[in-house]
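Have a look at this one.
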Amino acid sequence: MRWWYETVLGWPTAPGTPLRLRVGVRFDVLDVPAAAGHATLGRLGTASQGTGPGFPVAVRGGRMLLLVAAGGADELPGLLEWLEWGSLALDLRATGAGGLMDAPPAPVPGAAGPVGLPPRTRGHDDSQGAAVWLRPPEPGGEAEASLPTLSALGGAGTALDLARLVHTLATQCHRLRLSRRRVGTECAARVG
């Protein structure tokens with residue numbers, strides 16, 4: 001698996017086990033609750049339908065990891081402020097230069113079906129906590145060209161704009177937070 005990441009994709013890995021990818025060199029990671037990530041990808045369209053972004057996405061436990069252009073993590077606080085989300089506590093994290101990401105298993109060549117959003121299963125988006133690719137990166141260096149970036153930074157014409165992705169993620173994280181708060185209030189009212 002290390003060979004696939006280092007040789008086929010050209011992504012640096014960290015020594016040791018479990019295999020981890022060095023973040024901030026070829027990509028950064030936005031980390032959100034899986035439910036918010038699924039809602040975001042649904043709103044933006046799916047790559048398997050040819051109507052939306054086709055950048056790499058992984059899930060780990062109840063979290064979704066969206067790969068964005070290197071430097072995107074540094075832009076997150078300013079983008080959230082500019083988009084007027086900066087004053088709210090959102091469950092939206094970014095990992096950039098110096099960070100590590102658990103490496104999902106390399107995709108199996110010739111696996112059946114297009115890569116896209118798999119069916120959601122009764123609240124579980126995990127494989128006992130191990131990271132798995134929802135949309136694996138494409139070999140040959142094209143992965144970076146598909147990563148969301150700020151348009152002003154020269155993103156590829158087909159890449160999703162980072163500001164649009166962050167705004168949609170923030171909206172979905174906030175909706176999830178409000179729905180959890182509402183459920184918590186309803187449960188407390190029933191107990192009281």
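Taking the mean number of other Cβ atoms within 10 Å as a proxy for protection, how do you rank 167-178, 58-69 from highest to lowest?
Ranked from most to least packed, the peptides come out as 58-69, 167-178.
Moving on to the next point. For ASP74, what accessible area in Å² do you get when you roll a 1.4 Å probe over the heavy atoms of the protein chains, rounding to the nearest 10?
ASP74 exposes around 120 Å² with every protein chain in place.
Sticking with this one: How far apart, in nm, are the 7 Å Cα→Cβ label points at THR13 and ALA130?
With each label point 7 Å from Cα toward Cβ, the separation is 1.4 nm.
Oh, and also: Would you check the accessible area of GLU81, probe 1.4 Å, heavy atoms only, in square angstrom rounded to 10?
Per-residue accessible area (GLU81): approximately 120 Å².
I would also like to ask the following. Determine how large the accessible area of SER87 is when every protein chain is in place; take a 1.4 Å probe and give Å² rounded to the nearest 10.
Approximately 110 Å² of SER87 is accessible to the 1.4 Å probe.
In nm, to one decimal, how far is the ALA145 label point from the TRP3 one, both placed 7 Å along Cα→Cβ?
Here the modelled spin labels are 2.7 nm apart.
Next question, about the same structure. So for the pair LEU178, ASP161, with labels modelled 7 Å out along Cα→Cβ, what separation do we get in nm?
Placing both labels 7 Å along Cα→Cβ, they lie 2.3 nm apart.
Can you list residues whose amide H is under 5 Å from VAL23's amide H, if they're 5+ apart or on another chain and H is modeled 1.01 Å from N?
Amide H to amide H, under 5 Å and 5 or more residues apart or across chains, VAL23 pairs with GLY98, GLY99, LEU100, MET101.
The values are calculated or read from the model by the stated rules, or taken from the named source; none is laboratory data. As the structure is a computational prediction, the values presented were derived from the model and not from experiment. Here Cβ is always computed from backbone atoms with ideal geometry, including for glycine, and neighbour counts include all displayed protein chains. These accessible areas exclude ligands, DNA and RNA; they are computed on the full protein's heavy atoms, side chains included. Shrake-Rupley method; radii C 1.70, N 1.55, O 1.52, S 1.80 Å.
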